[in-house]
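Below you'll find the structure, written out as structure tokens, and then a few comments.
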Amino acid sequence: QVQLPESGGGLVQSGGSLRLSCAASGRTFSIYAMGWFRQAPGKEREFVGAINWSTGNTNYANFVKGRFSISRDNALNTVYLEMNSLKPDDTAVYYCAARRQIGLLTLPADYDYWGQGTQVTVSS
């Protein structure tokens, strides 16, 4: 098993920034990629981005448009989601996920482990 507690969520004004963290523990050697997803009330969970745990290669959703970036610190087993120029539409619960198989895929079903989520609220 892999545990993925997220942290760093909160309330921020439109145009502001937040950095989310996800510190993986447990069988971290089995991880190929880490992903970030989000889910707003009444909407399906959607892909934000993913990072290859070894190489640092990334894949982002189109709506990110250079505002968000994902990075990782292998020594700390931690992945980060840096979010800039936040908009009210970015308000959601943000989830960290881990995938064991090859590929920076975009569907929730493609990920094996999930964190509990952290709330991000962007006020206008």
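For the reader, a short list of remarks on this structure follows.
- Full-stretch length increase - Gln39, Ser85 - with 0.36 nm per residue and alpha-carbon distance subtracted: 14.7 nm
- Difference of contour (0.36 nm per residue) and Cα-Cα distance, Arg27 to Arg67: 11.3 nm
- Antiparallel bridges, percent of DSSP beta bridges restricted to the chain (to nearest 5): 90 percent
- Extension reserve of the Thr121-Arg100 stretch, reckoned as 0.36 nm per residue once the Cα distance is removed: 4.5 nm
- Long-range HN-HN contacts of Ala61 with modeled amide H, under 5 Å: Gly49
- Its alpha carbons considered, the chain gives a radius of gyration followed by a Dmax of 13.4, 41 Å.
Values in this text are rule-based calculations from the coordinates and carry no lab data. Nothing here was measured: the structure is a model prediction, and the numbers come from that model.
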